[in-house]
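Comments concern the structure below.
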Amino acid sequence: MTNRVEDKIHALKEQTKAYVHEIKQLVEELTIPNRVNLISYFTTSFNISYDPEQESLCLGSYHIRNIGSTAITNPSLCITVPKDSPFYFSGRYVHENFTPNLKTQGQNNWERFNDKLSKEEYWLRPVGKSTLEPNETISFTNFQIKWSHNLSYSGTIMGFTYCDQLPDGTVVLNPINLNGMGQTQEEDNG
């Protein structure tokens with residue numbers, strides 16, 4: 001009987017030692033100095049119209065938060081709208097060839113640095129903000145996505161965040177998925 005109790009105590013000690021070792025490894029991963037880590041996410045508000053004569057609207061903001069232990073440099077983002085979709089994207093940004101006066105007015109300015117005729121990709125970077133410190137957040141605020149409800153629609157608005165330390169980028173945590181049915185002729189007649 002004593003051997004069984006001693007064996008169980010020994011097994012519990014070994015298990016505890018393994019758990020403590022695993023916890024230490026997880027803590028070390030959390031406190032690695034100069035670790036680059038960021039998250040990006042959308043916040044949104046919707047006004048959906050089922051009247052085919054009116055547009056539906058998504059108001060949104062794109063947030064980038066540095067959750068790492070080191071600063072990130074030259075943050076930028078890319079918002080993509082599906083090709084041939086009924087979605088129209090707009091937001092407050094300037095183009096890279098605008099005069100410096102227009103770029104510096106206001107605090108939360110963003111510059112679009114890809115082809116301004118593109119209706120599918122919006123590459124943006126903050127004006128006058130090249131470093132994002134640990135625990136700091138920057139936001140591209142109050143963009144709009146509009147669409148009409150007279151046709152069925154479906155698509156995902158994606159976001160990607162880039163910086164010097166993450167040249168391959170990281171995807172937004174919560175893409176915006178939009179889909180719905182347009183009014184059919186039977187509904188119109190009946």
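The values are calculated or read from the model by the stated rules, or taken from the named source; none is laboratory data. As the structure is a prediction and not an experimental result, all values here were calculated from the model. Note that we place each Cβ from the backbone using ideal geometry, even for glycine, and neighbour counts take in every protein chain shown. The area values use the complete protein model at the heavy-atom level, side chains included, leaving out ligands, DNA and RNA. Shrake-Rupley method; radii C 1.70, N 1.55, O 1.52, S 1.80 Å.
I'd like the full set of residues that are assigned to a strand (DSSP E or B), open to solvent by less than 70 Å² (accessible area, probe 1.4 Å), touching a residue at least 40 places away in the same chain (Cβ under 8 Å) and under 14 Å from K146 (Cβ atoms), limited to the range 35-58. Answer for the range 35-58, where residues must be assigned to a strand (DSSP E or B), open to solvent by less than 70 Å² (accessible area, probe 1.4 Å), touching a residue at least 40 places away in the same chain (Cβ under 8 Å) and under 14 Å from K146 (Cβ atoms): T44, S56, L57, C58. Pairing residues of the range 72-92 that are at negative phi and of a type in the set (G, A, S) with residues that are modelled with pLDDT under 95 and part of a strand (DSSP E or B), at Cβ distances under 6 Å and at least 6 apart in sequence or on separate chains, gives S85/G155.
Annotation note: of I64, I9, the sole residue that is open to solvent by 60 Å² or more (accessible area, probe 1.4 Å) and either in contact with a Pro (Cβ under 7 Å, 6 or more places away or on another chain) or of a type in the set (A, V, I, L, M, F, W, C) (or both) is I9.
Considering (1) at pLDDT below 95; (2) over 30 Å from G68 (Cα atoms), say which one N114 fails and leave the rest. The one condition N114 does not meet is (2). Listed by first and then second residue, the pairs with beta-carbon distance under 6 Å, at least 6 apart or on different chains, first residue in the range 152-178 and closer than 19 Å to C58 by Cα and surrounded by fewer than 18 Cβ atoms within 10 Å (Cβ to Cβ), second modelled with pLDDT of 95 or more and among the aromatic types (F, W, Y), are L173/Y41; N174/Y41; N174/F42.
Is it the case that F113 is crowded, with 18+ Cβ neighbours inside 10 Å and in contact with a Lys or Arg (Cβ under 9 Å, 6 or more places away or on another chain)? Criteria not met by F113.
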